[in-house]
1. Just one of Lys299, Lys318 is within 16 Å of ligand 1 (Cβ to nearest atom), out of contact with any helix residue (DSSP H, G or I) (no Cβ under 9 Å at 6 or more places or on another chain) and modelled with pLDDT of 95 or more; which is it?
2. Which of the residues spanning region 132-172 are more than 22 Å from His212 (Cα to Cα), in a loop (DSSP other than H, G, I, E, B) and at pLDDT 95 or above?
3. Please find, among Leu50, Leu26, Leu69, Leu35, the residue that is over 18 Å from Arg193 (Cα atoms) and surrounded by 15 or more Cβ atoms within 10 Å (Cβ to Cβ).
4. Does region 306-326 hold any residues that are farther than 13 Å from Ala261 by Cα and assigned to a loop (DSSP other than H, G, I, E, B), and which are they?
5. Looking at the structure I just gave you, is Arg108 away from ligand 2 (no atom under 16 Å from the Cβ) and charged (D, E, K, R)?
6. Residue under question is Tyr147, and the condition is that it be in contact (Cβ under 8 Å) with a residue 60 or more places away in the chain and surrounded by 15 or more Cβ atoms within 10 Å (Cβ to Cβ); does it hold?
7. Return yes when Val295 is among the hydrophobic types (A, V, I, L, M, F, W, C) and either part of a strand (DSSP E or B) or free of Cβ contacts under 8 Å to residues at least 24 places away in the same chain (or both) and no when it is not.
8. Show the residue pairs meeting these rules: Cβ distance below 8 Å; 6+ apart or different chains; first residue within region 1-20 and at pLDDT 55 or above and exposed (fewer than 12 other Cβ atoms within 10 Å of the Cβ); second residue small (Gly, Ala, Ser) and part of a helix (DSSP H, G or I).
Amino acid sequence: MIAHKHPKHQQWQQELTGSIRSVPELLDFCNLQELQTDYDARAHHAFKFLITRSWANRIEKNNPTDPLLLQILPSKQELITSPNYQNDPLQEQQQSPINGIIHKYHGRALLTLTGQCAIYCRYCFRRNYPYSSNSFNQANWQNMVTYLTQNQDIHEVILSGGDPLVLPDKILQQIVTTIATISHIKYLRIHSRIPSVLPSRISPSLIEAITHSRLKVVIVNHINHPNEIVAEVTEKFTLMKQHNILLLNQSVMLAGINDSAITLAALSHKLYEANCLPYYLHRLDKIDGSKHFEVSLLKEQTVMRELLASLPGYLVPKFVTEQPHKKAKTPIHIKL
Ligand SMILES: *Cc1c(COP(=O)(O)O)cnc(C)c1O
Ligand code: SF4
């Protein structure tokens, strides 16, 4: 084992602590007046607000419709209630056999380790997830390990949340070590926005913590727009690839942000240049307050048809929707 120095707080932890937590501060940073935007303080109170300075730096100044700004700005449109929009659209609580585990699909168990993220996305479908009873703690962890051990058809463990990479290296290392002792588990998957939102988190000690075991490691990133991929992100992706981590990406199709074939094609190319392949493109999950992100069925068809016509097959993400009580994510058919 390589010995690492353990300073009290690593650089990424200081950076996360120093994140922007106030909307007026963000607007000021972006040279915007409140009235130019849809910002509403009541929406702010409905869900956490935090963005890293690294993310804020990628927002174009003086642009109230910047695609990175719109993903995180508490908007007055979130206060509108709409039919078919719900508190728990995926009914995930019903697919949770024990606290901290969602076991919906054959062979894969998803662990919700924390409710914390390094950015809070306004369209998040786990906005209302009861994390307090489902997060990592010693008692939950014992039960989770027992469940994973007893269910021998589980071959992949997915660390999710929230964002699992907010957990300290030491905890992640212990989690991975323990999972690797369960012989029927072969793959470790991490769903995270952090490699792109807080690139300094991708340190040698983190890579060691997640790759030290016999498990094959895949990170599913969450990037929606090409402007999210700056040089530092590409560097960290390259580093992870050098350590044999498979990098995939999932996006959500969001109105006014990436609902265009040109934007999505540019995203695929930029991902590939950063050693990452597009995996899923999700239809928005109908969580309360997110209707303004919805893309019409007609527009979905146009965008996907154009995307299919402009990219090699391996750069086209699978366009899917998540439904309660289905055996897999549902592919959305595109008429060519
Ligand atoms: C999406 C998802 C998975 C992973 O599904 P894949 O199609 O293998 O990417 C696993 N569990 C839950 C609860 C999910 O929502
Ligand atoms: S990073 Fe993921 S879990 Fe966190 S707010 Fe965004 S979509 Fe939700």
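1. Working: Lys299 fails: within 16 Å of ligand 1 (Cβ to nearest atom).
Going through Lys299, Lys318 in turn, the sole match is Lys318.
2. Once the filter is applied, which keeps residues that are more than 22 Å from His212 (Cα to Cα), in a loop (DSSP other than H, G, I, E, B) and at pLDDT 95 or above, region 132-172 yields Asn151, Gln152, Asp153.
3. Numbers: Leu50 fails: over 18 Å from Arg193 (Cα atoms); Leu69 fails: over 18 Å from Arg193 (Cα atoms); Leu35 fails: surrounded by 15 or more Cβ atoms within 10 Å (Cβ to Cβ).
Exactly one of Leu50, Leu26, Leu69, Leu35 is over 18 Å from Arg193 (Cα atoms) and surrounded by 15 or more Cβ atoms within 10 Å (Cβ to Cβ), namely Leu26.
4. Selection gives Pro312, Glu322, Gln323, Pro324, His325, Lys326.
5. yes
6. Values: in contact (Cβ under 8 Å) with a residue 60 or more places away in the chain: no; surrounded by 15 or more Cβ atoms within 10 Å (Cβ to Cβ): yes.
No.
7. On the way: among the hydrophobic types (A, V, I, L, M, F, W, C): yes; either part of a strand (DSSP E or B) or free of Cβ contacts under 8 Å to residues at least 24 places away in the same chain (or both): no.
Here the answer is no, as Val295 does not meet what is asked.
8. Going by the 8 Å Cβ cut-off, the qualifying pairs are Gln11/Ser200.
The values are calculated or read from the model by the stated rules, or taken from the named source; none is laboratory data. Every value quoted in this text rests on a predicted model; they were computed, and no experiment measured them. Glycine also receives a Cβ, built like all others from the backbone with ideal geometry; neighbour counts cover every protein chain displayed.
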